[in-house]
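The structure under discussion appears below in the form of C-alpha cells.
Bear in mind these aren't lab numbers, they're just calculated from the coordinates by the rules spelled out. Just so it is clear, the structure is predicted and the values come from calculations on it, not from any experiment. Here the Cβ is made from the backbone with ideal geometry for all residues, glycine too, and neighbour counts use every protein chain on show.
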Amino acid sequence: MSRRAWLQPCHPAQLVIGLTIWSIWFVAMYAGLSVACQLAAPAEQQGPVNWLSAGLFLFTLLVLALLLALAWRTGRACLQRRKSADNAAGVNYFTGYVSSVLYLAAAVATLAGGLPVLVFAPCS
C-alpha cells in the first residue's frame, strides 16, 4: 500500500479531511483577526472596508475554492467507481458520496463564517 493512499478520492480519510480543513480555517481566521487587531488595527472609521477584512475574505475564498475542488474531485471519482462492476465499488461509492457531502457542508460553513467580514468592522 502506498504511503499516500489516503489522498485517493475514495479513501476513508476523505471523510475527515474537509472538516479538518474547515476547522484549521476557523482557528486561523479568528486567531489572525485577534492578532491583527492587537498589532495593527485598522481605523474604526473605515468600517468593514479595510485591508484586514479584504485579507480575511480572500483567505475565506481560497479555502472555499479548495473545499469545492475537493468535493468535485471526490464526487467525480465516486460516480466513476459506481459505474464499475467491482465488488469494492459499493463501499468506495458510499465513502466518496459521504465525503463529497461533507466537503460541501464544510464549504457552506466556510462561506457562512466568512461573510460577516464583509459587513462588520473587524476590530470594533
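With a 4.7 Å Cβ cut-off, tell me which Cys residues in the chain come up empty for a partner.
Unpaired cysteines in the chain: Cys10, Cys78.
If I take every Cα pair under 8 Å that is 6 or more residues apart in the range 24-124, average their sequence separation and divide by the length, what percent do I get for the relative contact order?
Working: 89 pairs, mean separation 45.5, N = 101.
It comes to 45 percent, rounded to a whole number.
Please compute the Cα-Cα pair-distance distribution of the range 1-61 with 5 Å bins starting at 0, giving whole percents from short to long.
Reading upward from the zero bin: 4, 15, 18, 17, 11, 10, 8, 7, 6, 3, 1, 0.
Could you state the number of Å between the C-alpha centres of the range 57-77 and the range 99-117?
For the range 99-117 versus the range 57-77, the Cα centre distance is 9 Å.
Using θ = phi - 60° and the Karplus curve 6.51 cos²θ - 1.76 cosθ + 1.60, what whole-Hz ³J(HN,Hα) does each residue of the range 34-46 get, with Gly and Pro shown as x?
Karplus values, whole Hz, x for Gly and Pro: 5, 5, 5, 5, 7, 8, 8, 5, x, 4, 5, 5, 6.
Longest exposed-loop-site-free stretch of the chain, with trypsin sites (Lys or Arg not before Pro), DSSP loop and at most 15 other Cβ within 10 Å? The partial results should precede the final answer.
Values: sites that count: Arg3, Arg4.
With a cap of 15 other Cβ atoms within 10 Å, the longest stretch comes to 5-124.
Of Ser53, Ser34, Ser99, which has the largest mean-square fluctuation in a 10 Å C-alpha GNM of the chain?
Ser34
Evaluated at 25 °C with a viscosity of 0.890 mPa s, what Stokes-Einstein diffusion coefficient in µm²/s does the chain have when Rh comes from the Kirkwood expression over alpha-carbon pairs? Before the final figure, lay out each step's value.
On the way: Rh = 16.0 Å.
Answer from the Stokes-Einstein relation: 153 µm²/s.
So how do Cys37, Cys10 line up by other beta-carbon neighbours within 10 Å, fewest first? Intermediate values should be presented prior to the final figure.
On the way: Cys37 14, Cys10 20.
Ranked by crowding around the Cβ, least crowded first: Cys37, Cys10.
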